[in-house]
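The next block holds one structure in the form of structure tokens; read it before the comments.
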Amino acid sequence: MNFQPRDIDQFTRTGSYASEVEAAAALLKTKPTWNGVGAEAIARMRLQNRFKTGLDIARFTAAQMRADMARYDNDATKYTQSLGCWHGFIAQQKLISVKKHFGTTDRTYLYLSGWMIAALRSEFGPLPDQSMHEKTSVPALIEELYTFLRQADSRELSNTFRALDAARKAGDKATEEELINSIDNFQTHVVPVIADIDAGFGNAEATYLLAKKMIEAGACALQIENQVSDEKQCGHQDGKVTVPHEVFLAKIRACRHAFLELGVEDGVVVTRTDSLGAGLTQQIAVSHKPGDLGDQYNSFLDCEEVDASNIGNGDVVITRNGKLMRPKRLASNLYQFREGTGQDRVVLDCITSLQNGSDLLWIETERPNVEQIAVMVDRIREVVPNAKLAYNNSPSFNWTLNFRWQVFDEMKAAGKDVSKYNRAELMKAEYDDTELAKQADELIRTFQADSAKRAGIFHHLITLPTYHTAALSTDTLAKAYFGEQGMLGYVKNVQREEIRQSIACVKHQNMAGSDIGDDHKEYFAGEAALKAGGAHNTMNQF
């Protein structure tokens, strides 16, 4: 699979500012009754609405993601990152912040987490990550994310257009040229979304139908896992049940067919294996001959040899190396795998997926450890040399404790004195300034870069970060505001920091689109427009 960079603007191409104005003016000359419609207003509104449909977005971002994958294949320092978002506003603020601090949104994505939809967006109320939420809420959130990102584009361009008008009014030609150049080279806030389709919410046909809705909403990348749909568990909980490869491959093909039907040929399928922590299967795989895929899946089953005369009513038996074997079946009617086979099953899962239409892998692990991931990736790359991963930098891991344990164990193995450390209590704040803690923090800081180089991780995501930041910031505000600080708890800790850090939404009326609305009122009504952004608007205080 060789991914070649493409012209990612081919799907939503716009002309320069001048050419858009000229095209609008030419149109208006043919419409003499369209009085009061301005060519520059048309051009501005067109530039502010670059993406007309979700499919425009899916095609654009898919090409963008493919180009990033090709760059990563040539240079492993060019990995990509995302944060999980549960609301369009959160996604919007993330991209505005990234653009403000780094001047570009390159290699910045969004992750849409099924966990957060279940916990925060279901009409049932908070739910565990077990595919119990409404599947229609997934494409609805994708559409919401992109509605807010498109509005971020419109807002930034609106501010630029206003500055352009001011420069023209002042006769400042240099600033005018600079602003027009910034319009012509505007970088959109619309970035790829990797969207969680869980285990497909049913059979392959159900997966296909949901995939279509997600792609039509704008998703360029679908992440699907090899668990049983009706037994699906969060990847970091117990009780996970996997399906035979052929069942999973049918769902991969369903996603690919959905992309191709909708004309998103660059669409990305991310296949997740939960086999490392999943010790159960619901089905015995179909096998037609020794060594085929079904036989390989069944080879990991925990079995006992039986005599044909001892087979009981309802027993299921298979043959292994010429022997009659009975897989161990639990009271739940599930079968268990042999202990210690997790990594082997992961490697087989990954190779099989890549050989049958997957573009990226996702290996769900129980801890963040570069070498643990790299050992499996090395084996996969013996068969598929350019295999690469999306990896869950999960808040379900205790990052501090895991890396402090890792450093402690490495120090002890190297014969260093660790007597001042209590391994069982390394989470305590009293260790924060120790050499061990500093080494652990440095490993955390470089984890993404290190694993991108060593373990083939192309995309690093945090599934639930904004869930946790919302909880933490709300706790901080509540403690101050309802305590002795009163109103100062908000002003000092929130508004003053927004102003000093130039957080865009401190002007919340502008962020909500008030100034864009004023622009439109002027386009539509001219001098008669009743605008909200006059002298008495309190946003002028900022």
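Coordinate-derived values only; no laboratory data. The model shown is predicted, which means the values in this text are computed figures rather than measured ones. Positions of Cβ are generated from backbone atoms using ideal geometry, with glycine treated the same way; all protein chains shown enter the neighbour counts.
How far is helix 514-525 tilted off the main Cα axis of the chain, in degrees rounded to 10, range 0 to 90? Computed tilt is about 50 degrees.
Helix 370-381 and the longest principal axis of the C-alpha atoms of the chain enclose an angle of approximately 80°. Ordering Ala532, His508, Gln495 by Cα displacement along the dipole of the range 491-541 toward the positive end leaves Gln495 in first place; charges were set at the Cβ atoms of Lys, Arg (+1) and Asp, Glu (-1). Legend: ranking of residues Tyr109, Tyr297 from fewest to most surrounding C-beta atoms inside 10 Å; resulting order Tyr109, Tyr297. Loop-resident GluC sites (Glu not before Pro) (DSSP state other than H, G, I, E or B) in the range 121-228 with no more than 13 further Cβ atoms inside 10 Å of their Cβ: Glu123. Using the Cβ-Cβ distance between Gln495 and Glu40 with R0 = 45 Å, the FRET efficiency computed as 1/(1 + (r/R0)^6) comes to roughly 0.80.
Provide the FRET efficiency to the nearest 0.05 for the Lys169-Ala140 pair, computing r from the beta carbons and using R0 = 45 Å. It comes to 0.55.
In summary, the lysines within cross-link reach of Lys212, defined as a Cα separation below 23 angstrom excluding same-chain residues under 8 places away, comprise Lys52, Lys135, Lys232, Lys251. The residues Asp433, Asp129, Asp344, when put in order of fewest to most other Cβ atoms within 10 Å, stand as Asp433, Asp344, Asp129. Per residue of the chain, what 222 nm ellipticity follows from adding -39500 (n - 2.57) for every DSSP H run with n ≥ 4, rounded to the nearest 500? That calculation yields -14500 deg cm²/dmol at 222 nm. Loop-resident chymotrypsin sites (Phe, Trp or Tyr not before Pro) (DSSP state other than H, G, I, E or B) in the range 480-531 with no more than 14 further Cβ atoms inside 10 Å of their Cβ: Phe482.
This ranking places Met214, Met69 by how few other beta-carbon atoms lie within 10 Å of each, fewest first, which gives Met69, Met214.
Taken along the Cα-to-beta-carbon direction at a fixed 7 Å, the label points for Ile444 and Ser309 span 6.4 nm. Take the alpha carbon atoms of the range 259-331, find their center, do the same for the range 361-389, and report the distance between the two centers in whole angstrom. Result: 22 Å between the Cα centres. A full extension of the chain between Thr30 and Thr469 corresponds to an added length of 152.6 nm, given 0.36 nm per residue minus the alpha carbon distance. Taking the longest Cα principal axis of the chain as reference, the axis of helix 399-413 is set at about 50 degrees.
Here's the list of aspartates and glutamates a cross-link from Lys173 could span, going by alpha-carbon distance under 16 Å and ignoring same-chain residues fewer than 8 apart: Asp165.
Candidate values (1) 27.4, 99; (2) 23.0, 71; (3) 28.3, 92 were compared with Rg and Dmax of the Cα atoms in Å computed on the shown model; the agreeing label is (1).
From the alpha carbon centroid of the range 426-446 to that of the range 118-155 is 36 Å.
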